[in-house]
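Undergrad: Structure in structure tokens, see below.
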Amino acid sequence: MIDFITSEAGEKKKYICPRGHTFVTDSPIVIAVEDDPEYNSGPICGYCYVDWFKVNINAEELGLGE
């Protein structure tokens, strides 16, 4: 499950990921595991998240051929 954790009173926080991207948000993306909160991901870098999708699961258009 992917969830957004809203900070108290909409307080924005600044984060830095291991690759050096910085971002500010009041609701970071978190991948949560039901029934095991100790295994939740913590805040995820949106830049790295999008890069991962582009590299790993984006489809390439092949065209219909002639």
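The values are calculated or read from the model by the stated rules, or taken from the named source; none is laboratory data. It should be emphasised that the depicted structure is a prediction, and the values quoted were computed from it without experimental measurement. Cβ sites come from the backbone with ideal geometry, for glycine too, and all protein chains shown count toward neighbours.
Undergrad: Is it true that some residue in region 24-39 is at pLDDT 90 or above and charged (D, E, K, R)?
TA: yes
Undergrad: Are any residues in region 26-58 surrounded by 10 or more Cβ atoms within 10 Å (Cβ to Cβ) and either among the β-branched types (Val, Ile, Thr) or assigned to a strand (DSSP E or B) (or both), and if so, which ones?
TA: Selection gives Ile29, Val30, Ile31, Val33, Ile44, Val50.
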